[in-house]
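Engineer: Can you keep this structure in mind? I'll have questions shortly.
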Amino acid sequence: MTQTTQTTTPTITSTIIPTSAPEGCKGIANWDPSATYVFGNVVSHDGHKWTAKWWSFGDTPGGVVGVWNDNGPCSIPAKQKKRSRFFKF
């Protein structure tokens, strides 16, 4: 006689819910190809926030020269709260 055993595994799901509006790049100037930038200047370009590493003129943020440090996308919420729900079957 064969005995069959059935096991179940709990499933865990997570949802991230913003607790405040996205900060974005509000108040940060768009990168201007005709402007001169120096160390520490901050701009937005292609949906990201960028900080100049040194003097620059006409070097595109994200370009091969490496003048700009990518600080990440503008669309990430400033604060997030993570909720977990556990389901057991």
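Engineer: Order the peptides 42-49, 62-69 from the highest to the lowest mean number of other Cβ atoms within 10 Å of their residues.
Structural biologist: Values: 42-49: 17.4, 62-69: 14.2.
Highest mean packing first, the order is 42-49, 62-69.
Engineer: Per residue of segment 57-62, what does 6.51 cos²θ - 1.76 cosθ + 1.60 with θ = phi - 60° give for ³J(HN,Hα)? Whole Hz please, x for Gly and Pro, Karplus curve as stated.
Structural biologist: 9, x, 8, 5, x, x
Engineer: Could you give the nm distance between label points at N69 and I28, where each point is 7 Å from its Cα heading toward the beta carbon?
Structural biologist: Using points 7 Å along Cα→Cβ, the separation is 1.2 nm.
Engineer: Another question about this same structure. What's the FRET efficiency of D46 with Q6 using the Cβ-Cβ distance as r and R₀ = 41 Å, to the nearest 0.05?
Structural biologist: The value I calculate is 0.20.
Engineer: List, in order, the whole-Hz ³J(HN,Hα) value for each residue of segment 34-51 obtained from phi through the Karplus relation with A = 6.51, B = -1.76, C = 1.60 and θ = phi - 60°; use x for Gly and Pro.
Structural biologist: 9, 9, 9, 10, 10, 3, x, 5, 10, 9, 10, 7, 6, x, 10, 9, 10, 10
Engineer: Moving on to the next point. Would you grab the residues whose amide H sits under 5 Å from the one on N41? Only those 5+ places off in sequence or on another chain, please, with H modelled 1.01 Å from N.
Structural biologist: Residues meeting the criterion, in which the H sits 1.01 Å from N, are A52.
Engineer: List the residues whose amide H sits under 5 Å from the amide H of H48, counting only those 5 or more places along or on another chain, with H placed 1.01 Å from N in the peptide plane.
Structural biologist: C74
Read-outs: derived from the displayed coordinates by stated rules, not from any lab. Owing to the predicted nature of the structure, the values given are computational and were not obtained by experimental measurement. Positions of Cβ are backbone-derived with ideal geometry, glycine not excepted, and every protein chain shown enters the neighbour counts.
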